[in-house]
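Participant: Structure provided below as C-alpha cells; questions to follow.
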Amino acid sequence: MTPSVIEFRDATAWVSFTIFAMYLLPARLIFPPLTTLGRPGVVAGLLLFVWWALTRFHPSLVTRGQQPMRWALAFYFVTIATSYIAGQARGLDPLEANQADRTVLMAFAAGGMLLAACDGVLTRERIDTVLRWFCYGSVVMALFALAQFALRQDFTVYLKLPPVLQFQRDLVGFDDRGGGGLVRVAGTAGHYIEFSVLMVVALVVAIHYARFAATRRDRQIFAGIAIIVAGVIPISLSRTGVLALGAAILLLILVWPLRTTFNVLVVGVFLTAIIQVGKPGLLGALRSLLFAGSSDPSVQGRLEDYEYVAPFIKERFWFGRGVGTWLPELYQLLDNQWLGTMVTTGIVGVVGLGVLYLTGIFVAARVRRFAKTDSDRDLAAVLAVAIGVMAVTAFTFDALYFSTYLFTMHLLLGLAGAMWRLTRAQRLN
C-alpha cells in the first residue's frame with residue numbers, strides 16, 4: 001500500500017482537529033448561511049462523513065473486518081429515517097420541517113465523527129493522539145469557565161475568528177443560582193449542564209493518561225488537566241455534573257488498583273478543601289440543590305413534562321411526531337433527551353438510540369476483557385464508563401440538541417469501535 005493511500009485512510013488529524021474545534025470555539029459561533037450547521041466542528045463532521053463514504057468505493061481504502069459500531073449507527077440512522085418519513089407524512093409546520101432537516105444533517109455530521117474514529121484512527125498510538133487533543137480542548141473550555149466565574153467576564157467573545165464566523169445568538173452568559181452572588185458558567189459549551197457532563201468525561205480520560213502516559217512529564221501534564229477539569233465541575237452549579245462525577249468515580253473505583261483509588265480520593269479531598277476556602281458558599285449551594293428534591297422548580301417542571309407529553313406519545317407511539325420536530329417555542333422545553341426522543345421518534349427511535357449507547361458500552365467491555373495490557377484495559381473501562389455517564393445524564397437535559405455533547409458522544413463510541421478493531425486483530429493473529 002502506497003504512503004498516499006495510507007495517509008488518505010488515516011483520519012486521526014482531522015478527527016483531532018474536529019473535536020478540538022468543538023471545545024475551543026463557542027457553541028454559538030457559526031458560519032451564518034448555515035445557521036446551526038455552521039459550527040466549524042459540525043462542518044468538519046460532515047466532511048468526515050463524506051470522507052468515510054468515499055473510502056467505501058476503493059478496495060485499498062476500506063477498513064475491513066467486523067465493526068459493531070457501524071451496524072449500531074446504521075440501525076440508529078434507519079430509526080431516524082423512519083421517523084423523518086413519518087413526520088413528513090403527517091404534514092409539518094415550516095419551522096418543524098426546517099428543524100427536522102437540520103437534525104438529520106446534524107446526525108450525519110456526528111455519524112461522520114463516529115465512522116472516522118472507528119475506521120480511520122488506525123493504530124493504538126493514534127487513539128491516544130485523538131484523546132490527548134480531546135483533553136487539551138477540554139482544559140481550554142475549563143479555563144474559560146474558570147475565568148468567567150472568577151472575573152465575571154466572558155472572554156469567549158474574543159474567539160470570533162476567523163472573521164467570517166458570527167455569533168448565532170447571545171452567548172450562554174451567567175446565570176444566578178444558589179444565592180450569595182453565585183453564578184453558573186458554561187465555558188464554551190452551549191449549556192451549563194452540557195458543560196458539567198463534558199468536564200466529567202474529560203476528567204476520567206485525563207486520569208487515564210495521568211496514570212499511563214509514556215513519560216513522567218506527560219503524566220504530570222494530564223494530572224494537572226484532571227485537577228483543573230475536576231475543579232470547574234462545581235462552578236456549573238449543576239446537579240447533573242455532581243451526580244455524573246460521583247457515578248463515574250464509583251464505577252472506576254471498581255476497576256482501579258487500591259493505590260490509584262487512594263490517590264484520587266486524596267486529591268479529591270484536597271480539591272474540595274481548596275474550593276471550600278476559596279468560595280465558601282459554592283459547595284453549600286450544590287448541597288442544597290442536590291437535596292432539594294421535588295420542591296425544586298426545575299425538578300417539578302421535569303416531572304410535569306411527563307403528563308404534558310403523554311397525549312403526544314399516545315397519538316404516535318411507534319414512530320413519533322418526526323425527528324427534530326419538538327420545538328420549545330411551539331410546545332414546551334422538556335429537558336430530557338430520552339423523553340424528547342420518545343415524542344419525536346417514538347419507541348423505535350428510543351430503541352435505536354439505546355442500541356447505539358449499549359453497543360458502545362458492550363464493545364468497550366469486550367475490549368477490556370481481551371486486552372493484553374493494563375493501559376488498554378483501563379482505557380476500555382474509561383470509555384465504557386464515559387459512554388454510560390453520557391447516556392444516563394441525557395435524562396436531565398436535551399443532550400442531542402447540544403453539538404459538543406453530540407460529537408463527544410460519537411467520538412467515544414467511535415474510539416470504542418477502533419479499540420475493538422485493534423483488539424480483535426490481535427486475537428486473530
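The values are calculated or read from the model by the stated rules, or taken from the named source; none is laboratory data. This one's a predicted model, so the numbers in the text were calculated from it and none came from an experiment. Reconstructed Cβ throughout: ideal geometry from the backbone, glycine too, with neighbour counts over all protein chains shown. The area values use the complete protein model at the heavy-atom level, side chains included, leaving out ligands, DNA and RNA. Shrake-Rupley method; radii C 1.70, N 1.55, O 1.52, S 1.80 Å.
Participant: Return a yes/no flag: does the range 57-79 have any residue that is among the charged types (D, E, K, R), closer than 25 Å to L34 by Cα and surrounded by fewer than 19 Cβ atoms within 10 Å (Cβ to Cβ).
Facilitator: no
Participant: Answer yes or no: is there a residue in the range 38-48 that is in a loop (DSSP other than H, G, I, E, B) and under 30 Å from R321 (Cβ atoms).
Facilitator: Yes: one or more hits.
Participant: Within the range 64-84, which residues are under 13 Å from G349 (Cα atoms) and touching a residue at least 24 places away in the same chain (Cβ under 8 Å)?
Facilitator: Answer for the range 64-84, where residues must be under 13 Å from G349 (Cα atoms) and touching a residue at least 24 places away in the same chain (Cβ under 8 Å): A72, L73, F75, Y76, F77, V78, T79, I80, T82, S83, Y84.
Participant: OK, next. For the range 360-396, name all the residues that are touching a residue at least 60 places away in the same chain (Cβ under 8 Å), among the β-branched types (V, I, T) and under 28 Å from S238 (Cβ atoms).
Facilitator: V382, V385, V389, V392, T393, T396
Participant: Still on this structure: Filter the range 342-351 down to the residues that are buried (at least 23 other Cβ atoms within 10 Å of the Cβ) and within 12 Å of F77 (Cα to Cα) and list them by number.
Facilitator: Once the filter is applied, which keeps residues that are buried (at least 23 other Cβ atoms within 10 Å of the Cβ) and within 12 Å of F77 (Cα to Cα), the range 342-351 yields T345, G349.
Participant: R184: open to solvent by 10 Å² or more (accessible area, probe 1.4 Å) and either more than 21 Å from A399 (Cβ to Cβ) or without any contact (Cβ under 8 Å) to a residue 24 or more places away in the chain (or both), yes or no?
Facilitator: no
Participant: Further question: For residues that are within 18 Å of A117 (Cα to Cα) and either open to solvent by 10 Å² or more (accessible area, probe 1.4 Å) or aromatic (F, W, Y) (or both), tally how many sit in the range 382-402.
Facilitator: Within the range 382-402, residues that are within 18 Å of A117 (Cα to Cα) and either open to solvent by 10 Å² or more (accessible area, probe 1.4 Å) or aromatic (F, W, Y) (or both) number 1.
Participant: Residues in the range 137-147: is at least one part of a helix (DSSP H, G or I) and without any contact (Cβ under 8 Å) to a residue 40 or more places away in the chain?
Facilitator: Yes, the range 137-147 contains a residue that is part of a helix (DSSP H, G or I) and without any contact (Cβ under 8 Å) to a residue 40 or more places away in the chain.
Participant: Another question, then. I'm checking my understanding of the structure. Among residues of the range 98-153 that are under 20 Å from the mean Cα position of the chain (by Cα) and among the aromatic types (F, W, Y), which one is most open to solvent (accessible area, probe 1.4 Å)?
Facilitator: W133
Participant: I've got another one for you. Please indicate, with yes or no, whether at least one residue in the range 103-111 is modelled with pLDDT of 95 or more, in a helix (DSSP H, G or I) and polar (S, T, N, Q).
Facilitator: No, because not a single residue in the range 103-111 is modelled with pLDDT of 95 or more, in a helix (DSSP H, G or I) and polar (S, T, N, Q).
Participant: Condition check: on the phi < 0 side of the Ramachandran plot and open to solvent by 10 Å² or more (accessible area, probe 1.4 Å). Does V363 satisfy that?
Facilitator: When the stated conditions are applied, V363 does not pass them.
Participant: Taking the range 13-37 as the search range and keeping residues that are in a helix (DSSP H, G or I) and modelled with pLDDT under 90, which one is surrounded by the fewest Cβ atoms within 10 Å (Cβ to Cβ)?
Facilitator: P33
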